[in-house]
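A.B. asks: Okay, here's the structure, questions in a sec.
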Amino acid sequence: MPLMPAPSLEHVTDLTVLVDTPIEVGDTGAGLRRLIAIRGGTVQGPRLNGRILPGGADFQLVRPDHVAELDARYVIQ
C-alpha cells in the first residue's frame with residue numbers, strides 16, 4: 001500500500017477571544033465539566049476576517065489525566 005503524502009498546512013486566521021470566568025458544572029465520572037462563555041473577540045488573518053459575537057462557549061471536559069477535551073462553538077460575523 002503506498003504511503004499518503006503529508007498534509008500541507010495553511011495559515012487562515014488568528015482568533016482573539018474574550019471569555020467569562022469558567023463555570024465548573026461538576027464531575028461527570030469521566031472528568032470535570034466546565035463551561036466558558038464567549039463575550040466577543042476578533043478574527044484576523046490572510047483568509048478570514050471578522051468579529052466573534054457573544055453567545056458561544058467553550059465546553060470542556062478535564063479528564064483525570066489532566067488532558068482537556070474542548071468543544072469550542074463560536075459565532076463569527
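A.B. asks: For region 49-77, give me the residue count where each residue is part of a strand (DSSP E or B), over 13 Å from ARG34 (Cβ atoms) and either open to solvent by less than 60 Å² (accessible area, probe 1.4 Å) or charged (D, E, K, R) (or both).
C.D. replies: Looking only at that region, the number is 6.
A.B. asks: Taking the condition of a type in the set (D, E, K, R) and out of contact with any strand residue (DSSP E or B) (no Cβ under 9 Å at 6 or more places or on another chain), does ARG47 pass?
C.D. replies: yes
A.B. asks: Scanning for something among the β-branched types (Val, Ile, Thr), open to solvent by less than 50 Å² (accessible area, probe 1.4 Å) and part of a loop (DSSP other than H, G, I, E, B), does region 1-18 turn up at least one residue?
C.D. replies: Yes, that holds for at least one residue.
A.B. asks: Against the conditions (1) in contact with a Leu (Cβ under 8 Å, 6 or more places away or on another chain); (2) open to solvent by 90 Å² or more (accessible area, probe 1.4 Å); (3) part of a loop (DSSP other than H, G, I, E, B), where does ALA30 fall short? Just the number, please.
C.D. replies: Of (1) in contact with a Leu (Cβ under 8 Å, 6 or more places away or on another chain); (2) open to solvent by 90 Å² or more (accessible area, probe 1.4 Å); (3) part of a loop (DSSP other than H, G, I, E, B), only one is false for ALA30: (2).
The values are calculated or read from the model by the stated rules, or taken from the named source; none is laboratory data. Just so you know, these numbers come straight off a predicted model, no measurement behind them. Methodologically, a virtual Cβ is constructed for each residue, glycine included, from the backbone with ideal geometry; neighbour enumeration extends over all protein chains shown. Only protein heavy atoms, including side chains, enter the accessible area calculation; ligands, DNA and RNA are left aside. Shrake-Rupley method; radii C 1.70, N 1.55, O 1.52, S 1.80 Å.
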